[in-house]
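Visitor: Following this message is one structure expressed as structure tokens.
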Amino acid sequence: MIGKRAVVVGGGIAGLTAARALADRFEEVVVLDRDELPDEVEPRKGVPQGHHAHTLMAGGRRALEELFPGLDAELVEAGAVDLDHGLGISTARFGRVGSHWTAGVHMMSASRPLVETSIRRRVRAVESVRLRTGVAVSGLVGEDGRVTGVSLDDGEVIEADLVVDCTGRGTRSNHWLAALGLAVPESVEVKAGVGYASRLYRRTDLVEPKIAFAVPVAPAEFRAGLMLPIEGDRWLVSLSGWHDRFPHDDEEFESHAASLPHPAIREVVSTGEPLTGISVIRFPASRRRYFERLRRSPAGFLTLGDAVCSFNPIYGQGMSCAAMAAAELRRLLGVHGAVTPELSTEYYRRVAGILATPWRFATGGDYRYPQTEGRRPRGIRLTNAYTMLILLACSADEDLRRTYVSVQHLLLDSAVLRTPTMALRVLRRALQAARRSRRQAAAAKSSSS
């Protein structure tokens, strides 16, 4: 034990995984949330994204299993769908639909409420953890440059050796830290103007239970669609678009689906039985707070999950990154053996490493649209051009495709894709794929004439 009490602000997936990471090192862990947290698997008011598509990447699955042994099998038993990335994702992009290869990298398709409820049950069973619901935190308390607890809206003060902010993208902790005279991190926003409309459908045998993904080729195409097989023999269909091009009602939902290049999404929406109405959410901007750049991190205070980095949800990285950060926090608590500024500094350095690849992928994709607002990273055009070459090369090189998928799933660092040897391989394979595509187009034109 390294402390008497830790307080976690926010009882979502980030907060619950953080609580489990802290439970073995503090005599008491108190989780605070505004909502009344349900026992049943259902979306809740404080998590509007719970109605929309979520997946667990391989890196996230591994981290959750580390924190909650046996959870993976428990989720599958509850109906979550285990999928090999190669065989289990049918992607429509560049005029092709394909998924006939084995990646050896497994992801999980399930509703957000199922994952969160399953984790919450595990956390509630931990003797040292206490969940307090229906309470709101109004600020931090502290002295001598250190956070020593939180204050609630009703005036109650809860003292703590460590406070972890897991309140999501709406976090107010910059204001809380500034009120104590503590350093506030630099933050960045990427305004992609994305919106999502989602609906559940009954799943039948007409369409194979794979993830169907219609990916637009920017900047000419704006519309996207994602269809997940989830528990309860249901399809979760999420339709989205950049810069206000997303549906808001039944007619627009059906029209959007009909315009997508993926036949499975079109079929389910046009002929399937809808089980719910349409849930709509706007996601105006991805946000990242660079705590790792602070000269001195606030002592006694950490952030985790969307409170550090909130991605465009279409890339499916949020839950996995939160779980991986919590697993890293658990390891560092064991190494440092005390709540020190050095713990905070190393934690944020490790989290920055977790976030680097998914943030690069997400913002790179958003910046393909000239309408996207934000400070464009240096070299973003070159990065995006190289990513397109990788995608093209992957169609001609299965081993390269496996490497790329392992990077996507947070199992490998993206640096493996940027070595000189790899760059030459990517260029060679991309040229081969381009020549093959031209031959096929010429053959098709000849046969039609």
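Visitor: Suppose we keep only residues that are touching a residue at least 40 places away in the same chain (Cβ under 8 Å) and of a type in the set (S, T, N, Q) within the range 150-202. Which one would you say is farthest from G10 (Cα to Cα)?
Guide: Result: S198.
Visitor: Kindly list, by first and then second residue, each pair from a residue in the range 77-105 that is under 18 Å from A53 (Cα atoms) and free of Cβ contacts under 8 Å to residues at least 12 places away in the same chain to a residue that is of a type in the set (V, I, T) and open to solvent by less than 30 Å² (accessible area, probe 1.4 Å), limited to pairs with Cβ atoms under 6 Å and residues at least 6 apart or on different chains.
Guide: Once the first residue is under 18 Å from A53 (Cα atoms) and free of Cβ contacts under 8 Å to residues at least 12 places away in the same chain and sits in the range 77-105, no partner that is of a type in the set (V, I, T) and open to solvent by less than 30 Å² (accessible area, probe 1.4 Å) comes close enough.
Visitor: Could you tell me how many of the residues in the range 232-267 are open to solvent by less than 10 Å² (accessible area, probe 1.4 Å) and of a type outside the set (G, A, S)?
Guide: So the count comes out to 10.
Visitor: Within the range 302-339, track down each residue that is more than 23 Å from the chain's Cα centre (by Cα) and open to solvent by less than 10 Å² (accessible area, probe 1.4 Å).
Guide: Matches in the range 302-339: L333 only.
Visitor: Moving on. Hey, any hits in the range 141-149 for a residue that's of a type outside the set (D, E), over 21 Å from A18 (Cβ atoms) and touching a residue at least 60 places away in the same chain (Cβ under 8 Å)?
Guide: yes
Visitor: Taking E342 as meeting all but one of (1) part of a helix (DSSP H, G or I); (2) in contact (Cβ under 8 Å) with a residue 24 or more places away in the chain; (3) open to solvent by 20 Å² or more (accessible area, probe 1.4 Å); (4) not β-branched (V, I, T), write down the number of the exception.
Guide: (2)
Visitor: Here is a list of conditions, (1) more than 18 Å from T357 (Cα to Cα); (2) open to solvent by 60 Å² or more (accessible area, probe 1.4 Å); (3) not in a helix (DSSP H, G or I), and L412 meets all of them except one; can you say which number that is?
Guide: (1)
Visitor: Could you count how many residues in the range 67-90 are assigned to a helix (DSSP H, G or I), open to solvent by 50 Å² or more (accessible area, probe 1.4 Å) and of a type in the set (D, E)?
Guide: Total satisfying the criteria: 2.
Visitor: Here's another thing I want to ask about it. From the list E208, E189, which one is surrounded by fewer than 18 Cβ atoms within 10 Å (Cβ to Cβ) and not in a loop (DSSP other than H, G, I, E, B)?
Guide: Going through E208, E189 in turn, just one is surrounded by fewer than 18 Cβ atoms within 10 Å (Cβ to Cβ) and not in a loop (DSSP other than H, G, I, E, B): E189.
Visitor: Of the conditions (1) at pLDDT 95 or above; (2) closer than 21 Å to V215 by Cβ; (3) out of contact with any strand residue (DSSP E or B) (no Cβ under 7 Å at 6 or more places or on another chain), R93 satisfies every one except a single condition; which number is it?
Guide: (1)
Visitor: Being free of Cβ contacts under 8 Å to residues at least 60 places away in the same chain, open to solvent by 60 Å² or more (accessible area, probe 1.4 Å) and among the polar types (S, T, N, Q), is that true of even one residue in the range 345-361?
Guide: Within the range 345-361, one or more residues are free of Cβ contacts under 8 Å to residues at least 60 places away in the same chain, open to solvent by 60 Å² or more (accessible area, probe 1.4 Å) and among the polar types (S, T, N, Q).
Visitor: Regarding the range 397-406, can at least one residue be identified that is in contact with a helix residue (DSSP H, G or I) (Cβ under 9 Å, 6 or more places away or on another chain), assigned to a loop (DSSP other than H, G, I, E, B), open to solvent by 60 Å² or more (accessible area, probe 1.4 Å) and modelled with pLDDT under 95?
Guide: No, every residue in the range 397-406 fails to be in contact with a helix residue (DSSP H, G or I) (Cβ under 9 Å, 6 or more places away or on another chain), assigned to a loop (DSSP other than H, G, I, E, B), open to solvent by 60 Å² or more (accessible area, probe 1.4 Å) and modelled with pLDDT under 95.
The values are calculated or read from the model by the stated rules, or taken from the named source; none is laboratory data. Since the model is a prediction, treat every value here as computed from it, not as a measurement. Positions of Cβ are generated from backbone atoms using ideal geometry, with glycine treated the same way; all protein chains shown enter the neighbour counts. Calculation scope for accessible area: heavy atoms of the full protein, side chains included, ligands and nucleic acids excluded. Shrake-Rupley method; radii C 1.70, N 1.55, O 1.52, S 1.80 Å.
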